[in-house]
1. Tabulate in residue order the Karplus-calculated ³J(HN,Hα) for region 130-147, using 6.51 cos²θ - 1.76 cosθ + 1.60 with θ = phi - 60°, rounded to whole Hz; enter x for Gly and Pro.
2. Give me the dipole magnitude in Debye, nearest 20, for region 13-85 about the Cα centre, with unit charges on the beta carbon: positive for Lys and Arg, negative for Asp and Glu.
3. If packing is taken as the mean number of other Cβ atoms within 10 Å per residue, what is the order of 431-439, 77-85, highest first?
4. So which aspartates and glutamates pass the test for K30, namely a Cα distance under 16 Å, with those fewer than 8 places away in the same chain ruled out?
5. Cross-link candidates for K8: which lysines have Cα within less than 21 Å, leaving aside residues fewer than 8 places away along the same chain?
6. Return a whole-number percent for the relative contact order of region 403-463, with Cα pairs under 8 Å and 6 or more residues apart as the contact set.
7. For region 342-364 and region 433-463, what is the centre-to-centre distance using only Cα atoms, to the nearest Å?
8. Please turn the phi angles of region 410-418 into ³J(HN,Hα) values with the Karplus equation 6.51 cos²θ - 1.76 cosθ + 1.60 (θ = phi - 60°), one per residue in order, whole Hz, x for glycine and proline.
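The values are calculated or read from the model by the stated rules, or taken from the named source; none is laboratory data. Being a predicted model, the structure only gives us computed values, none of them experimental. When we count neighbours, we look across all protein chains shown, and the Cβ atoms used for this are built from the backbone with ideal geometry, even at glycine. Ligands, DNA and RNA are excluded from the accessible area calculation, which covers all protein heavy atoms including side chains. Shrake-Rupley method; radii C 1.70, N 1.55, O 1.52, S 1.80 Å.
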Amino acid sequence: AAISEIKKGRHRPGDTLVVKGWVRTRRDSKSGLSFINLYDGSCFDSLQVVAPERLGNYRAEVTRLTTGCALVVKGQLVASVGQQQALELLAEEVTVVGWVDDPESYPMAPKRHSIEYLREHAHLRPRTNVIGSVARIRNCISQAIHRFFDQQGFLWVASPIITASDCEGAGQMFRVSTLDLQELPRDEQGRVDFGQDFFGKETFLTVSGQLNAEAYACALSKVYTFGPTFRAENSNTSRHLAEFWMVEPEVAFSDLDDSAQLAEALLKAICRAVLAESVDDLRFLSGYVGEDLLARLDQLAGMDFVHINYTEAVAILAQAPREFEFPVYWGADLSSEHERYLTEEHFKSPVVVKNYPKDIKSFYMKVNDDGTTVAAMDVLAPGIGEIIGGSQREHRLEVLDARMAELGMKPEDYEWYRQLRRYGTVPHAGFGLGLERMVAYVTGLGNVRDAIPFPRTPRNASF
Ligand code: 4AD
Ligand code: MG
């Protein structure tokens, strides 16, 4: 039985069960009983196993168990006399499946380790309360996302990982190649000619599934992608990973405001799901980070987000009664300190910023009638900053072509994307939610390195 099933009351006192897991702690009483805290990760709680002296391997094995040992325990579920738990397992058989070699050096001794220390032991950190809670909450959020879109009639479509296009145009792509660059021929300008490579052209790990999602939205109306994306972003911050998961809905016959509403509804649905399903983990993490996360999520789920234009955001920042490291002027991108000022100090609410200058945004965004801004939006959350980026897409071929020319992009590289505008083009819009930023926000940990099992950051791809 999973410990979560016992916790949910699926088993009664008197039932004989087999429970499998890892020892958290062991304590022996003078009266010839050992109390073992057994954890299987199915929920926050561990199960108290009471092992009596009469077990055949009591002296030889049970009293030598240390933190981390793997056990199979058969026993009877009984009401506990202790205050800590309602039920405990009275062991009839304790089988040690795996011992811990050299317990003194076991890196996950039962004490509070620093979050940085845990990152250096990414293979063992899921055994801790904190990373176990994060893993369960991440799962809860992912399932809630799928449920949300399913209920709204969206199709989940797979977008490719290997691609030839740079969706965001930021040149932050990891190259995919089967060949040694030194050995590839070069053209007259000295550029590597990828014609001999596996795909016959230069290819990369995708930075976003959006362009492919657009193709499916322009046929199946409402779709979303949900998968890993990659960015060779050389920034060592608490918000950037080289490999992260993104949820990208794309909707035909819709505009920027539809997208902003969808984004708000999605974020609220996620908060409600975590509140409903992960209370124990949220309570534990609240103590860990020193903030009432249940109140935080409850508030977010209930409030109307502030919607402002980029131009208004800049005006607010220019009048802020304090200095910023990065200057604020119309045309500059908002940096994280600006985002945090807007959400944490000025509005004290999540903020949707819309209609950014076109020069700081990607080629595919719909150019507004003013000719200088695009129908883009960012959703900013207190404590983390930008959590969602989205836009209405440019569906007019001539405007798209003009934008691509302006940016020096070659139309032939995007021929398939251009065809979507030639054959039954339609206004459409969508956005991307960074899963790790959401998890970092919900868990209160605030660092995306702790929101994904095995983080990839500059000079760190171990494990
Ligand atoms: O704002 P971004 O770059 O938007 C896009 O990629 C669009 N193509 C999405 C779309 O419209 N379909 O990224 C979207 C979100 C960000 O708001 C952020 O939450 C997350 O993805 N993100 C990252 N998360 C972790 N590490 C990084 N390096 C990230 N870059 C973006
Ligand atoms: Mg963005």
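1. For region 130-147, the Karplus curve yields 5, 6, x, 4, 4, 4, 5, 5, 4, 4, 4, 5, 4, 5, 5, 5, 4, 4 Hz.
2. Working: 9 positive and 6 negative charges, 51 e Å.
For region 13-85, the charge dipole is close to 240 debye.
3. Numbers: 431-439: 24.9, 77-85: 12.0.
Per-residue Cβ counts within 10 Å, averaged per peptide and sorted highest first, yield 431-439, 77-85.
4. Cross-link targets: E53.
5. Reachable lysines: K20, K74.
6. Reported as a whole number, the value is 15 percent.
7. With region 342-364 and region 433-463 each reduced to a Cα centre, they are spaced 23 Å.
8. Each residue's phi maps through the Karplus curve to give 8, x, 5, 5, 10, 4, 4, 5, 5 Hz.
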